[in-house]
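Worksheet: one structure, shown below.
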Amino acid sequence: MNSPLFNSVHQQLLRQFATACVTAADKPVISLDKTFFAQFNAESQQVVAALKDFTDWGLPLRFDDATRPRQLWLTADIELLDSVSILSSMSASSQTRLKHLDIFPLLNSTNQYLLQQDFPACAACLAEYQQAGRGRQGRRWFSPFASGLCLSLQWQFDKPPQALALALATVIAKRLIQLGATDLSLKWPNDLLWKKSKKLAGLLIETRHSRAGWKVVIGLGLNIAQPGQVLFDTENPQNSPDQPWVELQSLCRQKLSRNQVAGLLLNDLIEALESYEQQGFAAYQAAWQALDACYLQAVTLHTEQGQISGIAQGVDEYGGLRVQTLNGSRVFVSGEVSLRLDKTAH
């Protein structure tokens, strides 16, 4: 189930990009001459259109129009996702538990894909690029082609899991810290931040009920090595995030393998999900509290009834956010509100 917008020309170009080794900014990857276009069983206009698609999707390509023939640079190395590499970073038990793994170059949404399928209880999907990636409350999640992780994992529960996003956020944060990331914090209910201000990752959990129980799809968007000039694209403002971002690779100060990161996170999530129905959020509450970006900070909550301001008091054993307002203490659940840390809290 791939997008019809990704065709054989895209596939052939992508193979060339993946095998290109860029050692310097002034080293051309491809000369757009007759020999280059002759490789394709397509009109040259189709090849040019496919190249434009890749630039629109955020692949770091640069064209030199001053030369004849035109020269094309891939200005950063790319590592395409690969199921064998991902599975090699997982334990044998997690590999056995994972019944289905799909990887696509292009999808509307990895969450949407799994929600529409009838896979076994544990299935995962990744995409190099999402055309309609989204976060909570319909916000767009944009990640340039082959730069971060667009990952979804399907699980089955007997009953709706409470505060699952909070619990899994602590699991993800623990792994990223082990990889070398510093100054990480969690913003209720589902964001991983750096220095309480820049977004590193986000979770979106969606559920469907059936006779078999509750199908839960956990979507993770993680910035690994982002080309910043694409993320803040003034010509295509829909490609810009709604808040400042940071990438994992710069926090870890080393080059990271996307496949290894994907495998490690899938492994951690599967292990956590196996015990969550019995343990619940209470087993993760202390870990959340230790990373809580909002604790004792001034916050504003945007609800259907309007804005509510107060001081965050941490989360309860069910994952509810406790806030001290002028009218007393209140507890909010994640489905009700959108939370913003006030500027004075940073």
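The values are calculated or read from the model by the stated rules, or taken from the named source; none is laboratory data. Please read all numbers here as calculations on a predicted model, not as lab measurements. Virtual Cβ from ideal backbone geometry, glycine too; neighbours counted across all protein chains shown. With ligands, DNA and RNA removed, areas are computed over all heavy atoms of the protein, side chains included. Shrake-Rupley method; radii C 1.70, N 1.55, O 1.52, S 1.80 Å.
A few remarks follow.
- Answer from THR35, THR75 - the residue that is of a type in the set (S, T, N, Q), at pLDDT 85 or above and either surrounded by fewer than 19 Cβ atoms within 10 Å (Cβ to Cβ) or under 29 Å from GLY263 (Cβ atoms) (or both): THR35
- Checking each residue in the stretch 79-95 for being open to solvent by less than 60 Å² (accessible area, probe 1.4 Å), hydrophobic (A, V, I, L, M, F, W, C) and either touching a Ser or Thr at 6+ places or on another chain (Cβ under 9 Å) or at pLDDT 95 or above (or both) picks out LEU81, ILE86, LEU87, MET90.
- The stretch 171-192, residues that are within 15 Å of the chain's Cα centre (by Cα), part of a strand (DSSP E or B) and surrounded by fewer than 24 Cβ atoms within 10 Å (Cβ to Cβ): ASP191
- If you go through the stretch 285-306 and keep only what is open to solvent by less than 20 Å² (accessible area, probe 1.4 Å) and in a loop (DSSP other than H, G, I, E, B), you end up with ALA293, CYS294.
- From the options ALA132, ALA163, ALA167, residue that is open to solvent by less than 10 Å² (accessible area, probe 1.4 Å), within 28 Å of VAL333 (Cα to Cα) and among the small types (Gly, Ala, Ser): ALA167
- Wholly within the stretch 25-135, strands (runs of 3 or more DSSP E) carrying at least 2 residues that are of a type in the set (A, V, I, L, M) and under 24 Å from the mean Cα position of the chain (by Cα): 100-107, 123-130
- Selection within the stretch 47-93 - within 15 Å of LEU14 (Cβ to Cβ) and among the polar types (S, T, N, Q): THR55
- The stretch 328-346, residues that are β-branched (Val, Ile, Thr) and either in contact with a Cys (Cβ under 7 Å, 6 or more places away or on another chain) or modelled with pLDDT under 70 (or both): VAL337, THR344
- Verdict on ILE103 being of a type in the set (A, V, I, L, M, F, W, C) and more than 23 Å from ILE205 (Cα to Cα): no
- Test: residue in the stretch 217-229 that is modelled with pLDDT of 90 or more, outside any loop (DSSP other than H, G, I, E, B) and among the β-branched types (Val, Ile, Thr): yes
- GLU277 passes every criterion in (1) open to solvent by less than 80 Å² (accessible area, probe 1.4 Å); (2) charged (D, E, K, R); (3) part of a strand (DSSP E or B) apart from (3).
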